[in-house]
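Report on the structure given below.
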Amino acid sequence: LAGRFLQLEREQSALLEELPPFGAPVSHVYRPLDYAWEPHRHFVRRYCRGPKRVLFLGMNPGPFGMAQNGVPFGETRHVREWLGVRGRVGKPRNEHPKRPVLGWECRRAEVS
């Protein structure tokens with residue numbers, strides 16, 4: 001199940017890449033499945049092993065959650081310490097100076 005889920009995510013990400021770029025006023029687009037793929041993959045392989053009774057849906061990653069570590073709804077401290085997720089976190093292609101990706105070093109909490 002996890003492998004198929006990750007494959008579908010990669011396919012959807014590729015399709016999104018084909019869309020024309022956003023114009024003004026959008027200046028920065030973060031794609032955590034690109035720069036935080038390793039922790040995302042670790043999370044999915046560890047916790048997406050079979051059918052679940054709950055499905056969380058979200059619109060976009062928060063600046064101090066998934067944008068930092070690749071885990072949906074994933075406040076960094078809890079993802080690192082409670083869930084035990086590991087993996088390299090890189091940087092977005094065009095990082096906003098007021099929203100840097102610090103990965104596992106992020107100390108701010110996601111409030112959403």
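FRET efficiency for the pair ARG10 and HIS96, taken as 1/(1 + (r/R0)^6) with r the Cβ-Cβ distance and R0 = 25 Å, rounds to 0.50. Loop-located trypsin sites (Lys or Arg not before Pro) across segment 4-112 with a Cβ neighbour count of 12 or fewer within 10 Å are ARG49, LYS52, ARG53, ARG88, ARG93, LYS98, ARG107, with loop assigned by DSSP. Rounded to 0.05, the FRET efficiency of the LEU55 and GLU81 pair, given R0 = 30 Å and the Cβ-Cβ distance, is 0.75. Measuring only protein heavy atoms, the 1.4 Å probe finds GLU11 accessible over about 80 Å². Ordering ASN69, TYR30, PRO97 by Cα displacement along the dipole of the chain toward the positive end leaves ASN69 in first place; charges were set at the Cβ atoms of Lys, Arg (+1) and Asp, Glu (-1).
In terms of Cα atoms, the Rg and Dmax of segment 1-51 work out to 13.5, 42 Å. Only helices enter this figure: runs of n ≥ 4 DSSP H residues, each worth -39500 (n - 2.57), summed and divided by the residues of the chain, yield -8500 deg cm²/dmol at 222 nm to the nearest 500. What is the magnitude of the charge dipole of segment 1-98 about its Cα centre, with +1 placed on the Cβ of each Lys and Arg, -1 on the Cβ of each Asp and Glu, and no other charges, expressed in debye to the nearest 20? Computed about the Cα centre, the dipole is about 480 debye.
Backbone geometry of segment 86-92 corresponds, through the Karplus equation with coefficients 6.51, -1.76 and 1.60 at θ = phi - 60°, to 3J(HN,Hα) couplings of 10, x, 6, 10, x, 10, x Hz, x marking Gly and Pro. When the alpha carbon gyration tensor of the chain is reduced to an equivalent ellipsoid, the three semi-axes, largest first, read 22, 19, 12 Å. For segment 1-100, the solvent-accessible area of protein heavy atoms averages 72 Å² per residue (probe radius 1.4 Å; ligands and nucleic acids excluded). Here segment 1-105 exposes an accessible surface that is 59 percent carbon and sulfur, computed with a 1.4 Å probe and the other protein chains kept in place. Between ARG88 and ALA24, the simple label model (points 7 Å from Cα in the Cβ direction) yields a spacing of 3.8 nm.
The values are calculated or read from the model by the stated rules, or taken from the named source; none is laboratory data. Since the structure is predicted, the reported quantities are computational estimates derived from the model, not experimental observations. Neighbour counts are summed over all protein chains in view; Cβ atoms, including those assigned to glycine, are modelled from backbone coordinates with ideal geometry. Accessible surface areas use protein heavy atoms only, side chains included; no ligands, DNA or RNA. Shrake-Rupley method; radii C 1.70, N 1.55, O 1.52, S 1.80 Å.
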